[in-house]
1. What trypsin sites (Lys or Arg not before Pro) in the range 215-270 are in a loop by DSSP, with at most 15 other Cβ atoms within 10 Å of the Cβ?
2. Take the cross-link list K237/K357; K237/K334; K54/K350 and give me the ones stretching past 25 Å between alpha-carbons.
3. By counting other Cβ atoms within 10 Å of each Cβ, how are E191, E155 ranked from fewest to most?
4. So for M25, M1, M167, fewest C-beta neighbours within 10 Å to most, what's the order?
5. Which lysines does K96 reach when only Cα atoms under 25 Å apart count, and residues fewer than 8 places away in its own chain are ignored?
6. How many percent of Cα pairs in the chain exceed 34 Å?
7. Order by neighbour count: L341, L127, fewest other Cβ atoms within 10 Å first, most last.
8. Kirkwood Rh, the range 214-281, all Cα pairs: how many Å?
Amino acid sequence: MNPFRFGNVVSGEYFTNRKKEIKEMLSELKAGQHIVLMSPRRYGKTSLMNEVMKASGIKWFRINMELIADEVDLANYYVRDALSLSKFEKIKHYLKNLKVQPYIQIQPKTNGISVSFDTERRNISTLLLDSLQLPETIAKSIKKRIVIVFDEFQEIRRISPNLEKKMRGIFQYHQNITYVFIGSQESMIREIFQNKNNPFYKFGRHITLHKIPEPEFSDFIIKRFSSQKIDADKIVKDILKFTNCHPYYTQQLCHEIYILNEENILTRHIIDKAVDQITTEHHADYSRWWNSLTNTERKVIIGIASGDYSPTSQEFIRKYGIKSTSTSGSVVGKLVALGTLVKKNGDKIKIEDPFWKVWILKNRD
Ligand SMILES: Nc1ncnc2c1ncn2[C@@H]1O[C@H](COP(=O)(O)OP(=O)(O)O)[C@@H](O)[C@H]1O
Ligand SMILES: [Mg+2]
C-alpha cells in the first residue's frame, strides 16, 4: 500500500506527530482559551485539529464554512451537530428551547439525525440566534465543556455580511464553549481578528502553523518508505528541497515516487521522473490556472519562476516588460492574497505550487 497520502485529512501513520503543536493547543483548549489557527492552505490545519481533539477527549464538532451556503444552512448544520453531542433521549428536550422548529429526520440504525429549518416561515434571525445558543445550553446541561471548530472561517464574509456581528454577540456570553477558528487566507483572518473595528477583534489567541520542520519530515519520509522496504536515505534531502517542506506537496511527490519506483534504494533521477509525471497528469488544471491570469500577472509569474530579480526591481520590470514597479508590486500583492504566490518574512517571493512552477518553466522552453 502506498505509504503516502495527500488531499484529505491525514491521521495515524500518515501524520507526522507535530507533538509541540498538539501539546500547545491542548493546553490552551483545556484552559478554555479560544484559538485562531492560521496557515496557508494544505499545511495540515484540519488534520492537526482532528489529532488535538482526539487526544483531548473533549466533546466537539467542526463546521466547514466552505460548505455553508447561507445562514439557514449554517443553522441546519449547527443544530444537527450540537444535538449529536447530547444523548438521543434528550434531543426532544433541547428542541423545546428553539423558537423556530426544524424538521428532524432520524436514521434509526445509527441514531444519526438530519435537521432542516422550514425556509418558508423562517425567521432567519431568530433561528440563527437560537441555533448558535444551543451548544451552550447543551454544555451546561451535560456539565461538560464543548469545543466548536470553524474551519476556513474567512468564508464567513461570503455567507452573510452581518454574520460576524451576530456570532460574536452570542459567543461572548458562552462560558462552556471554547471556539477554534481555522483560517487559510492570512490577510482576511488578520482583518477579522486584528482590526479594532471588527466584532471578533482579539477574540482568540493566534497560533500560526508552520511547515513541518526538515528533520522531522525527513525522519517521517524515511520511515514511511522503509515500511515498504525502500531506502530513501540518499534522496530525502532533495525531495524536501524541491517541496520546501510543504506538507501536501511533499506527500504528493513521495506518493508518486512510490508508484514509479522499481528499486529498493532510491536515487535522484526518480524525483525528476515523479515531478515530470505529476506535471503531465495535472496539465489540464495547470493550464486552466494559467489561462485565468491577466497578461501582467503572467509576466510577473514568469519572472518569479525564473527567480533572477526581485519583482519590484527595475531590472525585473525591464526584463519582463512590466509597466512599472508599482504595477508589479500590486500584482504580487494580489497573487499573495490569493495564495498563488507566497511570501515569508525575509524569504524571496515564490510560486506556491512547486509542480506548477516546473510546468510553467517547461512550457516556456
Ligand atoms: N502532520 C502531517 N504529516 C504529514 N503530512 C501532513 C501533515 N499535515 C498535513 N499533511 C499533508 O497535507 C495534506 C493537507 O492537510 P490538511 O489537514 O487538509 O491541510 P489544511 O487543513 O491546512 O488545508 C494532507 O493530505 C497531507 O498530505
Ligand atoms: Mg483544512
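Bear in mind that the values in this text are calculations on the coordinates, not laboratory data. These figures come from a predicted structure and were not determined experimentally. Reconstructed Cβ throughout: ideal geometry from the backbone, glycine too, with neighbour counts over all protein chains shown.
1. Numbers: sites: K223, R224, K229, K234, K237, K241, R268; in loops: K229, K234, R268.
For trypsin sites (Lys or Arg not before Pro) across the range 215-270 that sit outside H, G, I, E and B with at most 15 neighbouring Cβ atoms in 10 Å, the list reads K229, K234, R268.
2. On the way: K237/K357 20 Å; K237/K334 32 Å; K54/K350 35 Å.
Long pairs (Cα-Cα over 25 Å): K237/K334; K54/K350.
3. Details: E191 15, E155 19.
Going from sparsest to densest Cβ surroundings: E191, E155.
4. Sorted ascending by nearby Cβ count, the order is M1, M167, M25.
5. Straight-distance partners of K96: K59, K87, K109, K140, K143, K144, K166.
6. Numbers: 26459 of 66430 pairs.
Of all Cα-Cα distances in the chain, 40 percent exceed 34 Å.
7. Working: L341 21, L127 24.
Lowest count first: L341, L127.
8. Values: mean 1/r = 0.0856 Å⁻¹.
Its Kirkwood hydrodynamic radius stands at 11.7 Å.
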